[in-house]
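The values are calculated or read from the model by the stated rules, or taken from the named source; none is laboratory data. Just so it is clear, the structure is predicted and the values come from calculations on it, not from any experiment. Note that each Cβ is placed from the backbone with ideal geometry, even for glycine, and that neighbours are counted across all protein chains shown.
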Amino acid sequence: MNFINLFKIALRALSGNKFRGFLTMLGIIIGVAAVITMLAIGQGSKRSIQDQISTMGSNMINIRPGTGQFGGVRQSASSMQTLKLEDYEAIADQAQYISAASPEVSSSGQVIYGANNSPTSIYGVNPSYLDIRKYTVAQGEMFTEADVKASAKVCLIGQTVVDNLFTNGEDPVGQTIRFNKIPFKVIGVLTSKGDNTMGMDQDDLVLAPYTTVQKRILAITYIQSISVSAESEDATENAIASIEDILRQRHKIGANDDDDFNVRSQKELITMMSSTTDMMTILLACIAGISLLVGGIGIMNIMYVSVTERTREIGLRMSIGAKGIDILMQFLIEAILLSVTGGLIGVAIGIGSSYLVKNILSWPIDIEVYTIALSFVVCTATGIFFGWYPAKKASDLDPIEALRYE
Amino acid sequence: MAKEIIRVEDLKRDFVVGDETVHALRGLSFSIYEGEFVTIMGTSGSGKSTLLNILGCLDTPSVGEYYLDGVSVRTMDKNSRATLRNRKIGFIFQSYNLLAKTTAVENVELPLMYNPTVSSKERHERAIKALQDVGLGDRLNHNSNQMSGGQQQRVAIARALVNEPVIILADEATGNLDTRTSFEILTLLQRMHKDENRTIIFVTHNQEIADFSSRNIVIRDGRIKEDTYNKNIRSAKEVLEGLPKEN
């Protein structure tokens, strides 16, 4: 018997019991819709976290001094003075897989303009810092290497600082603000980036040449950290290795000794955050998968009823020449049709409800093609798996017994 | 000499029920030739149903040989017997066994659905022709549950004919029908026997039907009690015309 005939027979049998078929499919519909919606929510939140992290520069690497000991006293990392400007220069010159590097010194304090003042942080950096941190200049321009050499008292300010200081709507560019009583001329305003993943305001800052901050504000010669940008997100690990080699060599650290510095990349952060959302996604998918299982059992149940109900029909089909395999295939195709049709409707409802979640709750969603393909495959597999046993039972019937069945 | 359609040799069939062995058939031998209309009679428990199941290739004998159209059935496996039934046998049942919510044409097409050598176009044409043969040319697309018992049995007969079988096996084919409709069905079977030279085996416990067949085999306790040829075949059509008209 060819497949088209079997398909026709199964379709005819199903169309005879439309409402029952629909109720049976409902389990699968709900299951698939749940899987797709849950995965869309899970993937969506994962992507939104990744997006937020990459606004801070997904290929960014940060080098800070590590903890160390001086005369038996363990020091806190921030008080360490082991990172020198020469370290930065060596990294900028020699490290591989990196595209930009900037030293970093920072201080917090009160910024004043006219009668307004506000607490903020000043970051002493070089011009590459904008690229590394993915900042852009909205207005005015970035300071230059010449400004760095000259320890010029110029700065760029973030949008939050603009809002706090320039309350009358004046143009900040060209004005002079004071940070801890040191006057800085504002030469640019940064484009707003909003809060980062941790909820920190990325617009509440002042950027100035690192030489200026070192000399005028902190009065130090060492640097507090180095920000480096790897060539790409994938090159991050190689770049870290290269940086570590250079620093270990420069700091004369023996093969068995611990580093006196820490190298951190955003990639680690992404991995950490992703693993949390992945866990959530798996949990959601498990719950949804269970409902799919329940739907599958529904199919099995109804196929059993169907086989019992149609025992005489099976007997007749066998008596006029249906082989066991024909009967098996007929009921299997019925089960698969039920589950695949349910799956199709479920996919439609799943996509619909995902967009509902997006529009009504404004949660980020991300429907990936593989989740649809996956739930479809699972559906068909469910049909085969739960349809097999009833179909096998039908095909094993003895035609004589089946014809006599009342 | 007409072609031998069925030959059984010393046919025995035992069933084991619990500790007991029931001997349903205790050794039957006969041949049926092309163009015969044979009634197989017997009371309930005589073994006629068991014989029918074996003749219909639904069951196999415990002992003895069964040749259908020259092929030995005893050693065949389930699938080969299914194919054999599909090509060589037409079944007519007491309770019609039509598919519910299915049109006459679709019901008649059913045996050909299981024959991959028949195209869907040919299948449809043959089903229509078979239905026209049994006088249901005007009810092709009626659903089986919209038809009377007699019409349903005609559909079943068309279904039995559509695969051009070498033998038609009717199991109490008139058992569920009133007298008039029974004679209509008998008339139809007689016409097929006479005009189209079809071979028919009609299993029944109704003795009257033997008068309308060409040969009568009576079974009792698993053995052949009588095997007689009927020289004076009554015409079911005449009986039908003699019945009082319904109003």
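Elements of the type helices (runs of 4 or more DSSP H) sitting completely within region A:236-330 and holding at least 3 residues that are farther than 30 Å from B:THR83 by Cα: these cover A:236-250, A:266-309. Taking B:ASP59 and the conditions (1) under 26 Å from A:ALA10 (Cβ atoms); (2) within 9 Å of chain A (Cβ to nearest Cβ); (3) modelled with pLDDT of 90 or more, which numbered condition does it fall short on, given that it satisfies the others? Only one criterion is unmet by B:ASP59, namely (1). Scanning region A:283-294 finds no residues that are touching a Phe, Trp or Tyr at 6+ places or on another chain (Cβ under 6 Å) and either surrounded by 16 or more Cβ atoms within 10 Å (Cβ to Cβ) or among the hydroxyl-bearing types (Ser, Thr, Tyr) (or both). Would you check which residues across region B:191-217 are among the polar types (S, T, N, Q) and in contact with a strand residue (DSSP E or B) (Cβ under 7 Å, 6 or more places away or on another chain) and list them? Correct list: B:THR199, B:THR204, B:GLN207, B:SER213, B:SER214, B:ASN216.
Flag not set for A:LEU344, criterion: in a helix (DSSP H, G or I), of a type outside the set (Ser, Thr, Tyr), at pLDDT below 90 and out of contact with any Cys (no Cβ under 8 Å at 6 or more places or on another chain). Just one of the listed residues (A:ASP131, A:ASP147) is out of contact with any helix residue (DSSP H, G or I) (no Cβ under 6 Å at 6 or more places or on another chain), surrounded by fewer than 19 Cβ atoms within 10 Å (Cβ to Cβ) and assigned to a helix (DSSP H, G or I), and it is A:ASP131. Inclusion of B:ILE157 among residues that are within 12 Å of chain A (Cβ to nearest Cβ) and closer than 21 Å to B:GLN190 by Cβ is not warranted.
Comparison of A:GLY383, A:GLY387, A:GLY321 shows that the only residue that is surrounded by 24 or more Cβ atoms within 10 Å (Cβ to Cβ) and free of Cβ contacts under 8 Å to residues at least 60 places away in the same chain is A:GLY321.
Restricting attention to region A:15-44, and to residues there that are within 14 Å of another protein chain (Cβ to nearest Cβ) and assigned to a helix (DSSP H, G or I), which single residue is surrounded by the most Cβ atoms within 10 Å (Cβ to Cβ)? Restricting to residues being within 14 Å of another protein chain (Cβ to nearest Cβ) and assigned to a helix (DSSP H, G or I), the top hit is A:GLY21. When A:GLN50 is tested against (1) farther than 26 Å from A:LEU374 by Cβ; (2) assigned to a helix (DSSP H, G or I); (3) more than 14 Å from chain B (Cβ to nearest Cβ), only condition (1) is not met.
Summed over region A:114-126, the residues that are crowded, with 16+ Cβ neighbours inside 10 Å and either acidic (Asp, Glu) or modelled with pLDDT under 90 (or both) give a count of 0.
Return a yes/no flag: does region B:189-197 have any residue that is aliphatic (A, V, I, L, M) and more than 26 Å from B:TYR114 (Cα to Cα). Among the residues of region B:189-197, not one is aliphatic (A, V, I, L, M) and more than 26 Å from B:TYR114 (Cα to Cα), which makes the answer no. The residue that is surrounded by the fewest Cβ atoms within 10 Å (Cβ to Cβ), among those in region A:150-189 that are touching a Pro at 6+ places or on another chain (Cβ under 8 Å) and not hydrophobic (A, V, I, L, M, F, W, C), is A:THR176.
Picking from residues in region A:302-313 that are more than 14 Å from chain B (Cβ to nearest Cβ) and touching a residue at least 60 places away in the same chain (Cβ under 8 Å), the one that is farthest from A:ILE384 (Cα to Cα) is A:VAL307. Taking (1) farther than 30 Å from B:ASN141 by Cβ; (2) away from chain A (no Cβ under 11 Å); (3) in contact with a helix residue (DSSP H, G or I) (Cβ under 6 Å, 6 or more places away or on another chain) in turn, B:ASN53 satisfies each apart from (2). A single entry from A:LEU344, A:LEU283, A:LEU356, A:LEU328 fulfils the requirement of being among the aliphatic types (A, V, I, L, M) and in contact (Cβ under 8 Å) with a residue 40 or more places away in the chain: A:LEU328. Pairing residues of region A:146-171 that are within 19 Å of A:SER192 (Cβ to Cβ) with residues that are part of a loop (DSSP other than H, G, I, E, B) and of a type in the set (D, E, K, R), at Cβ distances under 7 Å and at least 6 apart in sequence or on separate chains, gives A:GLY158/A:ASP203; A:GLY158/A:ASP204; A:GLN159/A:ASP203; A:THR160/A:ASP203; A:THR160/A:ASP204; A:VAL161/A:ASP204.
When each of B:ILE92, B:ILE32 is tested for being more than 12 Å from chain A (Cβ to nearest Cβ), surrounded by 20 or more Cβ atoms within 10 Å (Cβ to Cβ), out of contact with any His (no Cβ under 6 Å at 6 or more places or on another chain) and of a type in the set (A, V, I, L, M, F, W, C), the lone residue that passes is B:ILE32. On inspection, B:GLU172 does not qualify as of a type in the set (D, E, K, R), touching a strand residue (DSSP E or B) at 6+ places or on another chain (Cβ under 6 Å) and within 20 Å of B:SER29 (Cα to Cα). Residue count for region B:177-223 satisfying the condition of being surrounded by fewer than 20 Cβ atoms within 10 Å (Cβ to Cβ), among the basic types (Lys, Arg) and not in a helix (DSSP H, G or I): 3.
When region A:355-406 is filtered for residues that are within 14 Å of another protein chain (Cβ to nearest Cβ) and aliphatic (A, V, I, L, M), the ones remaining, listed by number, are A:LEU397, A:ILE400, A:ALA402, A:LEU403.
Put simply, of B:VAL71, B:VAL105 the only residue that is more than 12 Å from chain A (Cβ to nearest Cβ) and either buried (at least 17 other Cβ atoms within 10 Å of the Cβ) or within 19 Å of B:VAL134 (Cβ to Cβ) (or both) is B:VAL105. Candidates A:ARG64, A:ARG47, A:ARG12: the one that is surrounded by fewer than 20 Cβ atoms within 10 Å (Cβ to Cβ), closer than 30 Å to B:ARG123 by Cβ, among the charged types (D, E, K, R) and at pLDDT 80 or above is A:ARG12.
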